[in-house]
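Beneath this line is the structure, given in structure tokens, with notes to follow.
The values are calculated or read from the model by the stated rules, or taken from the named source; none is laboratory data. Owing to the predicted nature of the structure, the values given are computational and were not obtained by experimental measurement. With ideal geometry, Cβ positions are generated from the backbone for all residues, glycine too; neighbour counts draw on all protein chains shown. Each accessible area value is taken on the protein alone, full model and side chains, heavy atoms only, with ligands, DNA and RNA left out. Shrake-Rupley method; radii C 1.70, N 1.55, O 1.52, S 1.80 Å.
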Amino acid sequence: MTDGRGHAPLARSGPVNLTTDPPERVLSICWALAESGTYVLHGSNVRPALPRIEPRQANDAMKSSGNYIAVYGSLNVDVVLMHAILDKAYLLSRLKSYAVGYRIRAGRLVFNATDNLYQLFKQKDPQLFSDGYVYVLDRGCFVRSPESPSEFFALQPLEPLTTLEVSASLGAHLFRIDTPEGDDRVVPYSADETARLASHHR
């Protein structure tokens, strides 16, 4: 079975290895799945690949629906890939705490990072990213977030319809910073956002 456009096989036999594919093809496959109306995508950097996605307590300072014990998914491919390749184990070994989020600014997605994480992006730390997974899940199992049309949550464990293994090299494509054109995709949280995050985590 395919996604309907002939891009990616949907099978439970094991991860589909896309780590040697160019970023453009990985993005094309993921966007075709997200736009099919049938699937929701979930990114994770946990290795090895998970046979089942368990609900976890989320902690979102920006919207109440981001604080459930749930499996979260998205139709925004860049956000899914961020979760797939950002190496959380490494970050937790380097930073006492951190936060990363996103917003749509002038029609394009921009990632926000707390100052400590932003500095690692600025330094182009080579360990920020590692290979990870995009899980393709049945959209019928999810509820759409009332606060974001591209975000979904499910309160029960879910088995992926298929799993895509994606490369750490996508980090250079997703998290552009200090670009000559000034089209950076990573920016620090504003002072107001930082205060809101600090208040939420108390």
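Listed values, structure above:
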read-out	value
Length released on extending from Ala49 to Asp184, taking residue separation times 0.36 nm less the Cα-Cα span	45.5 nm
Region 100-129: trypsin sites (Lys or Arg not before Pro) in DSSP coil with no more than 15 other Cβ atoms inside 10 Å	Lys124
Percent accessible area from carbon and sulfur atoms, region 73-177, protein chains only, probe 1.4 Å	54
Solvent-accessible heavy-atom area per residue, rounded to whole Å², over the chain at 1.4 Å	50
Region 173-186 - phi-based ³J(HN,Hα) in whole Hz, Karplus 6.51/-1.76/1.60, Gly and Pro as x	7, 7, 10, 5, 8, 6, 7, x, 7, x, 9, 4, 10, 10
Antiparallel DSSP beta bridges within the chain, as percent of all bridges there, nearest 5	85
Farthest toward positive dipole pole in the chain [+1 Lys/Arg, -1 Asp/Glu at C-beta], among His173, Leu27, Pro15	Pro15
As computed over region 75-202, the Cα convex hull volume per residue (Å³)	143
